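Working notes for the structure below.
Laboratory data are not the source of any read-out in this text; all were calculated from the coordinates shown. None of the values given here were measured: they were computed from a predicted structure. A quick note on method: Cβ atoms are made from the backbone with ideal geometry, for glycine too, and the neighbour counts reach across all protein chains shown.
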Amino acid sequence: DIQMTQSPSSLSASIGDRVTITCRASQSLSNYLNWYQQKPGRAPNLLIFAASSLQRGVPSRFSGSGSGTDFTLTISSLQPEDSATYFCQQGYSIPYTFGQGTKLEIK
Amino acid sequence: QLQLQESGPGLVKPSETLSLTCTVSGGSISSSISYWDWIRQPPGKGLEWIGSIYYTGSTYYNPSLKSRFTISVDASKNQFSLQLSSVTATDTAVFYCVRHGDTSHNWFDSWGQGTLVTVSS
């Protein structure tokens, strides 16, 4: 199985901050990497697909980059509603696997 | 707008079989571009992909899990289902039914609200 490792596991940031979450895969994924946001008690929501494509309806402050084994999710200007847990997921090979999650809190 | 809704028992006894159904509305389960998946999340933990089914009945499973899972589809009812046999307490989780909307990059773009299944006697 492809192992996905996110860092940090948690972080705290202020409104307006630029926030970066990284995801590293145990083998090359090309751009077969997707990002999700999950709020407490809710299902995950697709933010970014194919490493850098923004899902419809997702605010443009979210962006994704990377290829191969190293990927980044960036929030350009943190908003209160961005408090959530973020997961990366590889779609390169079965079984599809997720990172352990990054919990983002607002200071 | 596509909606998915899980249904099934919230409590299952150890060693029994768990059965969940996902009802799809606002779209056809027979869409040629979609697979339909199950994903689970133990309380306070991460996400685990269980498997996929196409409307024709073709399935893919997570080989890292023991072969206790069975996914089936009833296109006439716009539903797909999950069975998990011989459950134990470690199977306690929120189970999500999901649309697997792209079979190239394999992202999950529509999710049910999730249903918590507790395994306990």
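Points worth noting:
- Segment A:1-23, subset of a type in the set (A, V, I, L, M, F, W, C) and touching a Pro at 6+ places or on another chain (Cβ under 8 Å), residue nearest to the other protein chains (Cβ to nearest Cβ): A:Ile21
- Selected residue (criterion: surrounded by the most Cβ atoms within 10 Å (Cβ to Cβ)) from residues of segment B:111-120 that are assigned to a strand (DSSP E or B) and hydroxyl-bearing (Ser, Thr, Tyr): B:Thr115
- Matching entry among A:Phe71, A:Phe98, A:Phe87, A:Phe49 (being within 15 Å of A:Leu11 (Cβ to Cβ) and not aliphatic (A, V, I, L, M)): A:Phe87
- Segment A:70-99: number of residues that are assigned to a loop (DSSP other than H, G, I, E, B), surrounded by 17 or more Cβ atoms within 10 Å (Cβ to Cβ) and either among the β-branched types (Val, Ile, Thr) or within 14 Å of chain B (Cβ to nearest Cβ) (or both): 6
- Taken together, B:Phe80, B:Phe108, B:Phe95, B:Phe69 contain a single residue that is surrounded by 14 or more Cβ atoms within 10 Å (Cβ to Cβ), touching a residue at least 24 places away in the same chain (Cβ under 8 Å) and in contact with a Pro (Cβ under 8 Å, 6 or more places away or on another chain), which is B:Phe108.
- Residue-level check: of (1) more than 14 Å from chain B (Cβ to nearest Cβ); (2) within 10 Å of the chain's Cα centre (by Cα); (3) assigned to a loop (DSSP other than H, G, I, E, B), A:Ala51 misses just (1).
- First in segment A:24-36 and within 10 Å of chain B (Cβ to nearest Cβ) and farther than 28 Å from B:Ser110 by Cβ, second anywhere and charged (D, E, K, R) and assigned to a strand (DSSP E or B), Cβ under 8 Å, 6 or more apart: none
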